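The next block holds one structure in the form of C-alpha cells; read it before the comments.
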Amino acid sequence: MSKFEDLHLSSCLLRALKEKGYETATPIQADAIPPILKGEDLVGCAQTGTGKTAAFALPTLHRLMTDGQRNRPGGKSRKLIRCLVLAPTRELTAQIGDSFAAYSRFTKLRHAVIFGGVSQVPQVRKLQAGVDTLIATPGRLLDLINQ
C-alpha cells in the first residue's frame, strides 16, 4: 500500500487529500499516478469505487500546477483550456467535476463542467472567464464548438 505522500504530489493536493481523510492510495491510484506524473500515456481499468477519478485527476492537477503558462502566446489575456476530460454522461461529468473541485481546493486552478440538459449560458460564461480544466460531455462540447 502506497501513501499519497510517497507519490510525489504537491503539498496543496496532499492537504486536500488529508482534509478528505485519504491517506493510502488504492491499487489503481498507486499504479496510475507515477506514469501520469511523468507525462506517459496510460489506460487503466478498475471496478467502480476504486478511486479511478483520483488516479487521473491528482497527477493531472499536479502537472497543471507545475507545467507552463496559462496565457496564450503573445501576451493576450484570454486563458487556454489546458486539460480536457470527456465523460459519457452528465452524472459522471458532474461527479468528476466535484472531485476536481475537492482536490484542487488549495490551488489557483480553475475548472468548468459542461453538459446538456441545462442552460449553456452559465457554462459559456465560466469558459470565457478562463479555466485550466474543462470536464464535458461530448454532445454539449460539440454543440458549443459548433456555435
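The values are calculated or read from the model by the stated rules, or taken from the named source; none is laboratory data. Note that the coordinates shown come from a computational prediction; the quantities given were computed from them, not determined experimentally. Glycine also receives a Cβ, built like all others from the backbone with ideal geometry; neighbour counts cover every protein chain displayed. Side chains are part of the model used for accessible areas, which takes the heavy atoms of the whole protein and leaves out ligands, DNA and RNA. Shrake-Rupley method; radii C 1.70, N 1.55, O 1.52, S 1.80 Å.
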When the chain is treated as a Gaussian network with springs between alpha carbons less than 10 Å apart, the largest mean-square fluctuation among GLY97, GLY130, GLY117 is found at GLY117
Taking alpha-carbon centroids only, the range 1-42 lies from the range 90-137 a number of Å equal to 22 Å
Residue separation between SER119 and ASP31 times 0.36 nm, minus their alpha-carbon distance, gives in nm 27.8 nm
Per DSSP loop assignment and a cutoff of at most 15 other beta carbons within 10 Å, the chain keeps its longest run without exposed GluC sites (Glu not before Pro) at 41-147
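Give the percent of DSSP beta bridges with both residues in the chain that are antiparallel, rounded to the nearest 5. Each step should come with its number before you reach the end.
Details: 2 of 10 bridges.
Counting DSSP beta bridges with both partners in the chain, the antiparallel share is about 20 percent.
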Using a 1.4 Å probe on heavy atoms of the protein chains only, the accessible area for CYS45 in Å², nearest 10, reads 130 Å²
Phi-derived 3J(HN,Hα) across the range 38-45 with the Karplus relation (6.51, -1.76, 1.60, θ = phi - 60°), rounded Hz, x for Gly and Pro, is 7, x, 7, 6, 8, 10, x, 9
For P(r) over Cα pairs in 10 Å bins from 0, in percent the list reads (i) 11, 40, 35, 14, 1; (ii) 10, 36, 29, 9, 8, 6, 2, 0; (iii) 10, 28, 27, 15, 9, 6, 3, 2, 1, 0; the calculated value is entry (i)
